[in-house]
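The values are calculated or read from the model by the stated rules, or taken from the named source; none is laboratory data. Since we're looking at a predicted model, the values are computed, not measured. Note that each Cβ is placed from the backbone with ideal geometry, even for glycine, and that neighbours are counted across all protein chains shown. Just the protein is used for accessible areas: all its heavy atoms, side chains included, with ligands, DNA and RNA removed. Shrake-Rupley method; radii C 1.70, N 1.55, O 1.52, S 1.80 Å.
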Amino acid sequence: MSDPKAETGKNRVHLRILWGLVVGIVAGITCNALATQGYLDPNSLEVFVKRVAEPIGKIFLRLILMVVIPLVVSALILGVLELGDLRKLGRLGMKTLGLTVALSSIAVCISLIVVNVIQPGKSLPAEKQAALADQYETKAREMLDKADKAKPIEQILLDLIPENPLREMTGALDGSSLGNGILAVMVFSLLIGIAISLGGVETEVLKPIIESVLEVCMIIIRMAMMLAPFCVALLLFSVTATLGLNILQALIWFVVAALSGMAIHFFLVYSIFVGFIARRSPWKFFRDVSEASLTAFATSSSNATLPTAIRVAEERLKLPRTVSRFVLTIGATGNQNGTALYEGVVILFIAQLLGHDLSAGQQLQVLLMAILAGVGTAGVPGGSIPMIALVLQSIGIDGSSIGIILGIDRLLDMCRTVLNVVGDLVLTACVAKGAEIDPIESSLTE
Ligand code: ASP
């Protein structure tokens with residue numbers, strides 16, 4: 001569980017990132033205005049942006065991307081292992097898995113709809129969009145364009161199963177893999193996890209090793225995040241110095257899109273699941289889970305909220321202990337609807353902002369990746385950042401463009417964590433409805 005000191009430290013980092021955002025924006029807009037008025041040489045400003053601010057700003061992202069492949073592989077294998085022995089779990093496990101996939105898929109579909117309707121990234125004038133795209137374009141984009149245009153949908157689906165997983169791993173970040181890159185790596189990791197849990201392999205030896213790999217990756221990411229305030233200031237300086245005030249307008253629409261998507265999922269989808277599957281009054285349910293919602297909002301961490309969620313499930317919702325402990329523990333990392341939805345919104349927003357109309361194949365890829373990324377995201381503040389950077393890179397967009405949204409991420413993190421935690425409680429109530437707890441299930445969950 002979470003250590004309060006560490007939580008305070010994380011809060012301070014987020015506050016510093018927010019400061020980085022403010023300083024970067026104010027300095028960038030001032031320089032942009034001075035250059036437009038002729039008080040500052042626009043060429044010198046461009047050279048400073050391209051040769052100093054941007055390269056230094058990208059350092060923290062490089063550190064994250066460096067460990068993202070081992071992070072994804074270990075997090076997904078552990079995610080499956082935490083489900084325990086799939087055969088023994090029987091109906092309880094299958095119901096949890098089925099409902100998790102359903103809730104996450106709906107969440108990502110909502111993100112696609114909101115971004116396509118609100119079009120938050122289209123508020124930039126064409127020439128500013130071109131300037132921004134120029135700043136963040138990578139060669140990978142051309143490669144991916146070529147690959148995707150030629151690839152029919154059945155091939156994209158077949159490529160989910162990698163012929164050569166190592167090749168997919170090495171090519172995942174620059175789009176040079178032959179198949180679906182990171183998506184294929186995710187499927188590979190899920191299958192390894194399933195094989196370990198089905199094959200009766202000695203997990204006592206294997207599991208701690210995989211857990212250590214994950215922990216090492218998390219330490220490096222924490223180190224990278226310490227540089228984030230400084231790097232975010234430089235990245236936002238680069239963006240605002242080039243684009244002026246327009247980028248702020250796009251950011252406001254982005255927040256509107258993300259919050260609308262979350263509100264639809266929370267009030268509509270959760271109410272339907274609670275009313276029709278769990279057969280409870282949604283109004284009473286939301287009131288009963290308010291303590292867990294507030295804790296999630298305050299901590300931005302599903303893991304830190306787990307004890308409160310378990311207590312709420314047992315004391316307020318009166319759900320059977322065997323079901324609630326099992327489903328909520330898995331749900332804290334495995335069922336992250338808010339995160340899946342947010343990842344979809346960010347990726348499509350940044351693609352729009354840079355003027356990319358994603359093809360149907362690429363949108364499908366984003367959909368699948370966001371669902372799987374929801375499973376592989378750690379339930380800690382900012383847990384989804386590495387995943388978003390990874391998915392961006394894999395569709396050919398420079399991962400450092402994530403710097404554009406990083407400054408306001410904390411606020412949206414608080415909101416999506418509420419969805420994640422309440423989603424776990426919705427899932428528990430649905431699974432508990434009519435679940436017959438047999439002795440095996442009970443022993444697994446005690
Ligand atoms: N903060 C989220 C959680 O703990 C994860 C994320 O989306 O960053 O559920």
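Structure notes:
- Among the listed pairs Lys58/Lys122; Lys95/Lys122; Lys95/Lys284; Lys50/Lys122, a Cα-Cα separation exceeding 30 Å is found for Lys95/Lys122.
- Rounded accessible area of Ser290 (nearest 10 Å², 1.4 Å probe): 50
- Dipole magnitude (debye, nearest 20) for segment 337-434, charges at Cβ of Lys, Arg, Asp, Glu: 240
- Whole-percent pair-distance distribution, where bins are 5 Å wide, for the alpha carbons of segment 223-271: 5, 17, 14, 14, 15, 15, 10, 8, 2
- Among the protein heavy atoms of segment 295-446, carbon and sulfur supply 59% of the accessible surface, probe 1.4 Å, non-protein parts ignored.
- With 10 Å bins beginning at zero, the pair-distance distribution over Cα atoms of segment 328-424 amounts to 17, 52, 27, 4, 0 %.
- Per-residue extension of 0.36 nm, minus the Cα-Cα distance of Leu364 and Met94, leaves a gain of 94.7 nm for this segment.
- Here Cys217 sits with roughly 10 square angstrom of accessible surface, probe radius 1.4 Å.
- In order along segment 382-396, the Karplus-derived 3J(HN,Hα) couplings, from 6.51 cos²θ - 1.76 cosθ + 1.60 at θ = phi - 60°, round to x, x, 7, 4, x, 5, 5, 4, 5, 5, 4, 4, 6, 9, x Hz, and Gly and Pro are given as x.
- Across segment 260-386 the C-alpha pair distances fall into 10 Å bins from zero in the proportions 12, 37, 34, 14, 4, 0 percent.
- Average accessible surface for segment 185-339: 43 Å² per residue, computed with a 1.4 Å probe over protein heavy atoms with every protein chain in place.
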